[in-house]
Amino acid sequence: MSLLQVTNLRKSYGAHISVQDISFDIEKGRCVALLGPNGAGKTTTLRMLAGLLEPTSGMISFEGSRPGAEYRRGLGYVPQSPAFYGWMTGQEYVVFAAKLSGMGAKEATSSALESLKRVGLNNDARRRIGGYSGGMKQRLGLAQALVHRPRLLILDEPVSALDPIGRREVMELLREIREETTVVFSTHVLHDAEEICDDIILMNHGRIAEQGSLSQLRSHYSLPVIRLRTEKHKEAIQWLESLASKPFVLESQLFGDHAVFNVNDVEKARQTILQEAAQLEIPLLQFEAGSSTLEDLFMKVVGV
Ligand SMILES: Nc1ncnc2c1ncn2[C@@H]1O[C@H](COP(=O)(O)OP(=O)(O)OP(=O)(O)O)[C@@H](O)[C@H]1O
Ligand SMILES: [Mg+2]
């Protein structure tokens, strides 16, 4: 079942279009990564989903409600760089957030304590936020976003600013949270998405470049590839260039003394290449037959 439906969503600032007519569904119970490089439009998209930014055009429908209906109570949001009052304690902050969501004092306190416990901050709840580490602040942001038990949790780059330890803590926590709550989070690191997500939406320049389940995308982009490296001899380099026009080569990338070939028949390619190399006495340093990865796709789309 689709929890959130986005149709032709657009945000423009004057002539600049930050998010250009994107459409996607978020299924209930899934964990979705919004991937993309700096400036791709991730924050703009998530802020529109969270109801914090008015779309220029397009529709967002939550739990099948009519587009435009108020749904903010159903979701929790952690911004890219959450700002806290350092003088408040963690508990005061989460109680404050709970009250903002409409809870009375008693319920706010009990929900806040439960939420702080869930993110592992129960022992630090009475300390001032000013003394928290980056990882603790990010977990406090999560406690705030979870306190009213949202059906959808939206996180903008939850681990980008953290050191490896903080990153691990937050990723582990997200892994637990996603068991109970539908989660969408943005990142510019493919590895984060691969670690805990089911689906990815890959954005670049305000548009969706690819979307689908990780397994679908993996199998779709798992194409046979041959990687070759020779010594830096003129003849060897010429030979690499000549391989590009073989009938089994679909696409080639030549980098002087090494080359990557997308091939349609890996066995045929292997035989031909190795035979020719032996006949012509090409000084081969590396021969590898494998398949392209999601990383290759990401690099290609992002163009780095
Ligand atoms: N208030 C604004 N006014 C004008 N342009 C904006 C505004 N907010 C964002 N943009 C532009 O929209 C584009 C997308 O920005 P956005 O912050 O959504 O990207 P992002 O994918 O979150 O990037 P990052 O990885 O750096 O956080 C950028 O080109 C940005 O300069
Ligand atoms: Mg951003």
Which stretch or stretches of segment 202-220 have amide N atoms under 20 Å from the point lying 7 Å from THR56's Cα along the Cα→Cβ direction? 203-209
Hey, what angle do you get for helix 134-146 against the long axis of the chain, alpha-carbon based, 0 to 90 degrees rounded to 10? 60 degrees
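Taking all pairs of different Cα atoms in the chain, averaging 1/r and flipping that mean, what Kirkwood radius in angstroms comes out?
When all Cα pairs of the chain are included, the Kirkwood radius is 22.0 Å.
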First select every other residue whose beta carbon is under 14 angstrom from the beta carbon of ALA259; then total the charges, Lys and Arg +1, Asp and Glu -1. -2
Quick check: residue separation of PHE255 and VAL301 times 0.36 nm, minus the Cα distance between them. What number comes out in nm? 14.6 nm
Any idea how far apart GLU241 and HIS205 come out in nm if each label point goes 7 Å out from Cα toward Cβ? 3.0 nm
R0 = 51 Å: FRET efficiency of SER160 with GLU281, Cβ-based, nearest 0.05? 0.50
With label points set 7 Å from each Cα along the Cα-to-Cβ direction at ALA83 and GLU288, the distance between them in nm comes to 4.6 nm
How long are the three semi-axes of the equivalent ellipsoid of segment 221-302, in whole Å, if each is the root of 5 times an eigenvalue of the C-alpha gyration tensor, listed from largest down? 22, 14, 10
Most fluctuating residue of PRO150, PRO224, PRO55 in a GNM of the chain with Cα springs under 10 Å: which is it? PRO224
Amide H contacts under 5 Å for LEU285, placed H, 5+ residues apart: ARG229, THR230, GLU231
Residues with amide H under 5 Å of ASN204's amide H, sequence separation 5 or more or different chain, H placed in the peptide plane at 1.01 Å from N; which? ALA209
Could you grab the relative contact order for the chain? Cα pairs under 8 Å, six or more apart, rounded to a whole percent. 19 percent
Residue-averaged 222 nm ellipticity for the chain, from DSSP H runs of 4+ at -39500 (n - 2.57), nearest 500: -10500 deg cm²/dmol
Compute the distance in nm between two label points, each set 7 Å from the Cα along the Cα-to-Cβ direction, one at ASN122 and one at TYR13. 4.3 nm
Given the alpha-carbon gyration tensor of segment 68-165, what are the semi-axes of its equivalent ellipsoid in whole angstrom, ordered largest first, with each equal to the square root of 5 times an eigenvalue? 20, 18, 11
Contour minus end-to-end for HIS220 and SER65, with contour as 0.36 nm per residue of separation and end-to-end as the Cα-Cα distance? 52.4 nm
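By how many nm would the segment from ASP198 to GLU92 lengthen if fully extended, with 0.36 nm per residue of separation less the alpha-carbon distance? List each step's numbers first, then the result.
Working: separation 106, 0.36 × 106 = 38.16 nm, distance 3.48 nm.
Between ASP198 and GLU92, full extension yields an extra 34.7 nm.
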Protection-proxy order for peptides 15-22, 42-49, 82-89, 195-202, each taking the mean of Cβ atoms within 10 Å per residue, highest first: 42-49, 195-202, 15-22, 82-89
Measure nothing but the geometry: give the 0 to 90° angle between the long axis through the Cα atoms of 266-279 and the longest principal axis through the Cα atoms of the chain, rounded to 10°. 40 degrees
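Laboratory data are not the source of any read-out in this text; all were calculated from the coordinates shown. Quick caveat: nothing in here was measured; it's all calculated off a predicted structure. Heads up, the Cβs are rebuilt from the backbone with ideal geometry, glycines too, and the neighbour counts pull from every protein chain shown.
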